[in-house]
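Colleague: Here you go, one structure.
The numbers here are math on the coordinates, done by the rules we state, and not lab data. What you see is a predicted model; the values in this text were computed from it and never measured. Here Cβ is always computed from backbone atoms with ideal geometry, including for glycine, and neighbour counts include all displayed protein chains.
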Amino acid sequence: MEFYAIHIVEDFKFIHDMMALGSIIEDAFGIQFKGIPYIKTTYNDHLCQWINASQPAKDKTLAASHSPASLWLKFMVANTAPYAARKATKKWMGNAKSQSERSASL
């Protein structure tokens, strides 16, 4: 699915405001993202990516409003999280280990 950054940021704010009022994050997420399951690490990764992006990158993305330049996926690609490479390496190593263990058991 394609989402515009402006909507994702509005959703982050809504969820934050609802949590401040005592709501459970899963409930607030469900209101904003109907039909999409809440996955804590995925939500936190996306939120951290937004928080850690430079202000000019945020401004440029939000100014693009509902154009292809403001798609969330494009923002994510252009503004990788500081920990993304480490996380990808960890995941790759875990997958390689699992593959190796499967091959050894055959």
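Colleague: Mind pulling up the Rg/Rh value for region 5-81? Radius of gyration and Kirkwood radius, both on Cα. If you can, show how the numbers build up before the last one.
Modeller: On the way: Rg = 12.7 Å, Rh = 13.0 Å.
Rg divided by Rh gives 0.97.
Colleague: Placing +1 on the Cβ of each Lys and Arg and -1 on the Cβ of each Asp and Glu in region 5-81, which of H7, T61, M18 has its Cα farthest towards the positive end of the resulting dipole?
Modeller: My answer, from the dipole projection, is T61.
Colleague: Identify the trypsin sites (Lys or Arg not before Pro) of region 7-57 meeting these criteria: DSSP loop state and at most 14 other C-beta atoms within 10 Å of the C-beta.
Modeller: Working: sites: K13, K34, K40; in loops: K34.
Loop-located and lightly packed - K34.
Colleague: While we're here: Extending each Cα 7 Å along its Cβ direction at Q55 and K74, get the distance between those two points in nm, one decimal.
Modeller: 2.4 nm
Colleague: Taking the Cα centre of region 5-81 as origin, work out the dipole magnitude from +1 charges on Lys and Arg Cβ and -1 charges on Asp and Glu Cβ, in debye rounded to 20. Walk me through the intermediate numbers first.
Modeller: Values: 6 positive and 7 negative charges, 49 e Å.
With Lys and Arg at +1 and Asp and Glu at -1, about 240 debye.
Colleague: Using each residue's phi in region 64-71, evaluate 6.51 cos²θ - 1.76 cosθ + 1.60 at θ = phi - 60° and report the 3J(HN,Hα) Karplus result to the nearest Hz, with x for Gly and Pro.
Modeller: 6, 6, 10, 9, x, 5, 9, 5
Colleague: Further question on the same structure: Filter the cross-link list K34/K90; K40/K60; K13/K90; K13/K40; K13/K34 down to pairs whose alpha-carbon distance in this structure exceeds 23 Å. Each step should come with its number before you reach the end.
Modeller: Values: K34/K90 31 Å; K40/K60 27 Å; K13/K90 30 Å; K13/K40 16 Å; K13/K34 16 Å.
Long pairs (Cα-Cα over 23 Å): K34/K90; K40/K60; K13/K90.
Colleague: Using 0.36 nm per residue of separation minus the Cα-Cα distance, give me the extension gain between I31 and C48 in nm, one decimal. Let's see the in-between values first.
Modeller: Numbers: separation 17, 0.36 × 17 = 6.12 nm, distance 2.07 nm.
Contour length minus the Cα-Cα distance gives 4.1 nm.
Colleague: Label points 7 Å out from Cα along the Cβ direction at I24 and F3: separation in nm?
Modeller: So the label points at I24 and F3 sit 2.0 nm apart.
Colleague: For L71, list long-range residues whose amide hydrogen, built 1.01 Å from N in the peptide plane, is under 5 Å from its own amide hydrogen.
Modeller: For L71, the qualifying residues are A5.
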